[in-house]
Amino acid sequence: MDLKSLLQNHLRKKENLGNSENSTEEADDESDKLFEKYYCEWKATCKDPATSDSDKTFSVIPKFYHKLPPEDDQLLQKLREESRALFLQRRSRELLDNDELKNLWMLLDKHQSVTEVGGEEQLINYEDFLKVAEQAGPKCKQYFQPSTFCKLLQTDSYGRISIMNFFNYVMRKVWLHQTRIGLSLYDVTGQGYLRESDLENYILELIPTLPQLDGLEKSFHSFYVCTAVRKFFFFLDPLHTGQIKIQDILACSFLDDLLELRDEELPKDQQQNNWFSAPSALRVYGVYLNLDKDHNGMLSKQELSRYGMGTLTPVFIDRVFQECLTYDGEMDYKTYLDFVLALENQKDPQSLHYFYKILDIDGQGYLNVFTLNYFFRSIQEQMRQHNQEPVNFEDVKDEIFDMVKPTDPFRITLQDLITCGQGDVVFSILIDLNGFWTYENREVLVADSSEDPAQV
């Protein structure tokens, strides 16, 4: 090969090498642009909205977060309120009305199975159960599920269920949905929660529908509403978030107790045991007024110390005022209601939490021997004032630890008190002289209660 050919080959190789370097640089630039594009779309910060909106995922994945409109935007607030009202009305129309429930009962009665001679309970088998489902209409379809039939099966040898049990199940489901819709009307934010003011409005508008509350004067309605609402928040909002889930309200028995007041012939003993009844509310408020000696609408430490039999220890009363919300060192009616609910329901976990927070003087999350001695010394002092020989603390301390059986032998936690089932007894021993006396004389009291009255 001559010199001319060698030079031409060299020039061609050099030219090809330059072209390949340029193409590599172009490929790198293109990959950088693609990376930037996909990264921006992933972070939802793409400069070109049309490019990101054209992505297929935006048409497939629905928007699951809708920001609440600002409170000062009246138009959006009104739109949200009207749309929620229409939605709840539509859900309400999907429920069975009285005529449809009557028709369902007639169909169940018509298709009941033939029972044995003398059998009083109405039963239905699965085949007839399906026939009723077809005739009852589309609204009833959700109640005629195979799982529902299986759950209601009991001991019938022919595999039948009670018509009455099934109808009560349907009635209960309809009532729950109706109540859910009714409560949701007061859910201003639409987030499934009721604030204290929302629940107050609900109960205030419920009062005229409860015959057992007809005797209440209108001037007492605000105090009644406060009394009723406090029970919901004491037990369903122990962390004081200021709101309660509507699901929790439906799951507890408080609404049943409240709506029990629709019965015009409710026995007096049930009224006395029902926190929401007029006699109970008047009793609680009457005690508050009797304790308020200076008639300023608030309770001081000295006034609260007279609660019950007046045997609550001064140390405990001091701690109540330190831990609970007060105004210039005095307790208002709402705080008093929490106090009463805790004392009247000492076995409930919420009450145990209330007392535990008061007894945990250092906020360390457990009670030790020092804490127990700190509160029991006040019990010993009260015993001296009543000319009684004080009980040795070491004996009481050993009994408390034996009752609780804590995980840590030197510390008692709230969970230990809940688990042992004796938390109410422990607190009574430490905060109430009468409670301590009851515990000390428990064997005598049991013997007296078991004695035949005819032999007395």
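The values are calculated or read from the model by the stated rules, or taken from the named source; none is laboratory data. These numbers were taken from a predicted model, which means no experiment stands behind them. Note: ideal-geometry Cβ built from the backbone for every residue, glycine included; neighbour counts use all protein chains shown. Heads up: the accessible areas ignore ligands, DNA and RNA and are worked out on the full protein's heavy atoms, side chains in. Shrake-Rupley method; radii C 1.70, N 1.55, O 1.52, S 1.80 Å.
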| query | For segment 224-238, what are the residues that are surrounded by fewer than 19 Cβ atoms within 10 Å (Cβ to Cβ) and in contact with a Leu (Cβ under 9 Å, 6 or more places away or on another chain)? | reply | CYS226, PHE235
| said: Can you pull out every residue in segment 65-88 that is open to solvent by less than 100 Å² (accessible area, probe 1.4 Å) and part of a helix (DSSP H, G or I)? | reply: LEU76, GLN77, ARG80, GLU82, SER83, ARG84, ALA85, PHE87, LEU88
| query | With respect to LYS131, is the statement that it is under 30 Å from LEU185 (Cα atoms) and basic (Lys, Arg) true? | reply | no
| Filtered residues of segment 176-187 (kept if open to solvent by less than 60 Å² (accessible area, probe 1.4 Å) and within 26 Å of LEU79 (Cβ to Cβ)) | ILE181, GLY182, LEU183, SER184, TYR186, ASP187
| task | Determine, yes or no, whether GLY190 is in a loop (DSSP other than H, G, I, E, B), open to solvent by 60 Å² or more (accessible area, probe 1.4 Å), touching a helix residue (DSSP H, G or I) at 6+ places or on another chain (Cβ under 9 Å) and touching a residue at least 40 places away in the same chain (Cβ under 8 Å). | result | no
| query | In segment 309-327, which residues are outside any helix (DSSP H, G or I) and at pLDDT 90 or above? | reply | MET309, GLY310, THR311, LEU312, THR313, CYS324, TYR327
| Taking VAL114 and the conditions (1) open to solvent by 50 Å² or more (accessible area, probe 1.4 Å); (2) under 20 Å from LEU95 (Cα atoms); (3) more than 37 Å from the chain's Cα centre (by Cα), which numbered condition does it fall short on, given that it satisfies the others? | (2)
| request: Kindly indicate the residue of segment 123-142 that is of a type outside the set (D, E, K, R) and open to solvent by 30 Å² or more (accessible area, probe 1.4 Å) and also farthest from LEU107 (Cα to Cα) among those meeting that condition. | output: GLN142
| query | Does PRO146 count as open to solvent by less than 50 Å² (accessible area, probe 1.4 Å) and either among the hydroxyl-bearing types (Ser, Thr, Tyr) or under 30 Å from GLN247 (Cβ atoms) (or both)? | reply | no
| request: Go through segment 193-207 and give me each residue that's of a type in the set (A, V, I, L, M, F, W, C), touching a strand residue (DSSP E or B) at 6+ places or on another chain (Cβ under 9 Å) and open to solvent by 50 Å² or more (accessible area, probe 1.4 Å). | output: none
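Quick check on segment 157-168: of everything there that is assigned to a helix (DSSP H, G or I) and open to solvent by 70 Å² or more (accessible area, probe 1.4 Å), which residue is nearest to SER253 (Cα to Cα)?
Here is the first cut: in segment 157-168, the ones assigned to a helix (DSSP H, G or I) are 163-168.
Applying the additional criterion that residues be open to solvent by 70 Å² or more (accessible area, probe 1.4 Å) yields 164, 168.
On the way: MET164: 22, ASN168: 17 Å.
Among them, the one singled out is ASN168.
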| field | Conditions (1) at pLDDT 95 or above; (2) in a loop (DSSP other than H, G, I, E, B); number of the one not met by ARG230 | value | (2)
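Based on this model, can you work out whether TYR202 counts as free of Cβ contacts under 8 Å to residues at least 24 places away in the same chain and assigned to a helix (DSSP H, G or I)?
yes
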| Yes/no for PHE223 being within 23 Å of ALA342 (Cα to Cα), free of Cβ contacts under 8 Å to residues at least 40 places away in the same chain, among the hydrophobic types (A, V, I, L, M, F, W, C) and outside any loop (DSSP other than H, G, I, E, B) | no
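Would you call PHE427 within 16 Å of LEU312 (Cα to Cα) and within 33 Å of the chain's Cα centre (by Cα)?
When the stated conditions are applied, PHE427 passes them.
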| Flag for ASP109 being open to solvent by 60 Å² or more (accessible area, probe 1.4 Å), within 12 Å of PHE167 (Cβ to Cβ), of a type outside the set (Gly, Ala, Ser) and in a helix (DSSP H, G or I) | yes
| note | Selection over segment 239-279 where residues are open to solvent by less than 90 Å² (accessible area, probe 1.4 Å), outside any loop (DSSP other than H, G, I, E, B) and free of Cβ contacts under 8 Å to residues at least 12 places away in the same chain yields a count of 4
| field | Exclusive hit being under 22 Å from PHE375 (Cα atoms) and open to solvent by less than 40 Å² (accessible area, probe 1.4 Å), set GLU303, GLU344, GLU323 | value | GLU303
